[in-house]
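J.: So that we are looking at the same thing, I have put the structure below in structure tokens.
Where a number appears in this text, it was derived from the coordinates with a stated rule and is not lab data. Predicted, not measured: the structure shown is a model, and the values here were computed from it. Reconstructed Cβ throughout: ideal geometry from the backbone, glycine too, with neighbour counts over all protein chains shown.
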Amino acid sequence: MKLLVTGGAGFIGSAVVRLAVARGHSVVNLDALTYAACLDNVASVADSPLYAFEQVDIRNRAELDRVFATHAPDAVMHLAAESHVDRSIDGPGDFIETNITGTFNMLEAARKFWLSAGRPEGFRFHHISTDEVFGSLPDDASVKFTETTPYDPRSPYSASKAASDHLVRAWHETYGLPVVLTNCSNNYGPYHFPEKLIPVIILYALAGKPLPIYGDGSNIRDWLYVEDHADALLLVLERGALGESYNIGGENERTNLELVKTLCAILDELRPRKTGSYSEQITFVTDRPGHDARYAIDPSRIRTELGWRPSVTVEEGLRRTVAWYLENEDWWRALLNRDGVGTRLGIAK
């Protein structure tokens, strides 16, 4: 199968690219190479005859038409998006243009290609989204997001992703475009750009800086190892029911404070400080505006219909992640001077 993967130089997208090539798929990686993208993420497959790269912005419809005509993909995996909530608070315009208008362009380019190719039965447009579109959950373990949970986005980021989800469903219902959708919980793992919580904690700890935790650290997230996620995404692409959505969760809920303390304990073991524990660097900072209290996904549908479950516990995944950052300093150090890295964003001044 030939896959067109948008955002394939990003964190989740690159995991999809690496896994797809490893499984024998041809992959066209379409990425604008904005601040969070890094072609080093796909260096391991860059020389494969199964891999091609197109530096294209999904806001450029003419270039999207060219890519579809040139490569004639069997399926699209649409991951390209602005994704950092804090950045969306400071600058929502980029999120509207990329996540909404860019998705519209992708849908129209895919529809044009699909029609010109005679509506091939096996064509798929897989839209990859987030659990943040559902809003916030109460602190009740029995309540989780399902595929029928009403949308209730709280940030410019989640609102833009919710809008893109609605567009994809509308293009299926109105035009018959064969689509599948997924909404995932918080991803983590190797190649995570150093502005998100887990890489921030690891790198700040190593640098001897305060480890910032928003509010009192009680916010709960469900953590999904990125390589597990990539596996689930390919499964949904191949076997998911047309027009349907699947929630992908790690079944690993932790408060932010619990997560950071676990990271500190792993660092204490793998790269101990001269004295004391990294947990002594924990510092509570002003909370993010509109910070959702809890996310948790009920993955019953993907487990029941497609037989998928996460294979990595959060403790195992965090250990792998810390070890990867310790072994790949050249990768993350080259990113530290990029726009916004190391700066507190999203305080809505």
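J.: State the extension gain, in nm to one decimal, for the chain segment bounded by E121 and S142, taking 0.36 nm per residue of separation less the distance between their alpha-carbons.
T.: The E121-S142 span can extend by a further 3.6 nm.
J.: A further question on this structure: With unit charges on the beta carbon (Lys/Arg positive, Asp/Glu negative), name the residue among G102, V236, S160 whose Cα is farthest towards the positive pole of the charge dipole of the chain.
T.: My answer, from the dipole projection, is G102.
J.: Apply the Karplus curve 6.51 cos²θ - 1.76 cosθ + 1.60, θ = phi - 60°, to the phi angles in region 301-309 and return the couplings in whole Hz, x for Gly and Pro.
T.: 5, 5, 5, 6, 7, 10, x, 9, 9
J.: May I pose another question? What residues qualify as long-range amide H neighbours of N183, i.e. H under 5 Å apart, gap of 5 or more or another chain, H built at 1.01 Å from N?
T.: So N183 has HN proximity to S129, Y246, N247, I248.
J.: Name the residues whose placed amide hydrogens come within less than 5 Å of the amide hydrogen of H126, ignoring near sequence neighbours (fewer than 5 apart) on the same chain.
T.: Excluding prolines and chain starts, which carry no amide H, the hits are V76, M77, H78, V180.
J.: Now for a different question. Tell me the GluC sites (Glu not before Pro) within region 5-95 that lie in a loop according to DSSP and have at most 10 other beta-carbon atoms within 10 Å.
T.: none
J.: Separate question: For region 6-95, just say rounded, prolate or oblate: build the C-alpha gyration tensor, square-root its eigenvalues into a ≥ b ≥ c, call rounded for a/c under 1.5, and beyond that prolate if a/b exceeds b/c, oblate if not.
T.: Note, shape of region 6-95 comes out oblate.
J.: When only Cα pairs under 8 Å and 6 or more residues apart are kept, what is the percent relative contact order across the chain?
T.: Relative CO of the chain lands at 18 percent.
J.: Exactly which chymotrypsin sites (Phe, Trp or Tyr not before Pro) in region 3-55 are in a DSSP loop and have at most 16 other Cβ atoms within 10 Å?
T.: Passing both the DSSP loop test and the Cβ count: Y35.
J.: Among 159-169, 39-49, how do they line up by average Cβ neighbours within 10 Å per residue, starting with the highest?
T.: Highest-to-lowest ranking by the protection proxy: 159-169, 39-49.
J.: In which sequence would C264, C184 go, from the one with the fewest C-beta neighbours within 10 Å to the one with the most?
T.: C264, C184
J.: Based on DSSP, what percent of beta bridges with both residues in region 183-265 are antiparallel, to the nearest 5?
T.: 40
J.: Please check which bits of region 69-83 a label hung off S48 would reach, taking the label as a point 7 Å along Cα-to-C-beta and the cut-off as backbone N under 19 Å.
T.: Under cut-off, by backbone N: 71-80.
J.: Quick check: the angle from helix 102-116's long axis to the longest principal axis of the chain, C-alpha only, nearest 10 degrees?
T.: Between helix and principal axis, roughly 30 degrees.
J.: Specify which labelled value, from (i) 144; (ii) 214; (iii) 126, agrees with volume of the Cα convex hull per residue in Å³ derived from the coordinates of the model shown.
T.: Correct label, based on the coordinates given: (iii).
J.: For region 216-272, what class follows from the C-alpha gyration tensor (a ≥ b ≥ c being the square roots of its eigenvalues): rounded when a/c is under 1.5, otherwise prolate if a/b is larger than b/c, else oblate?
T.: Note, shape of region 216-272 comes out oblate.
J.: Taking the chain as a Gaussian network, Cα atoms linked when under 10 Å apart, which of N186, N328, N29 shows the biggest mean-square fluctuation?
T.: Comparing N186, N328, N29 in the GNM, the peak value goes to N328.
J.: Is region 64-151 rounded, prolate or oblate when judged by the Cα gyration tensor, a ≥ b ≥ c being the square roots of its eigenvalues, rounded requiring a/c under 1.5 and prolate requiring a/b larger than b/c?
T.: Oblate, because a/c is 1.5 or more while a/b does not exceed b/c.
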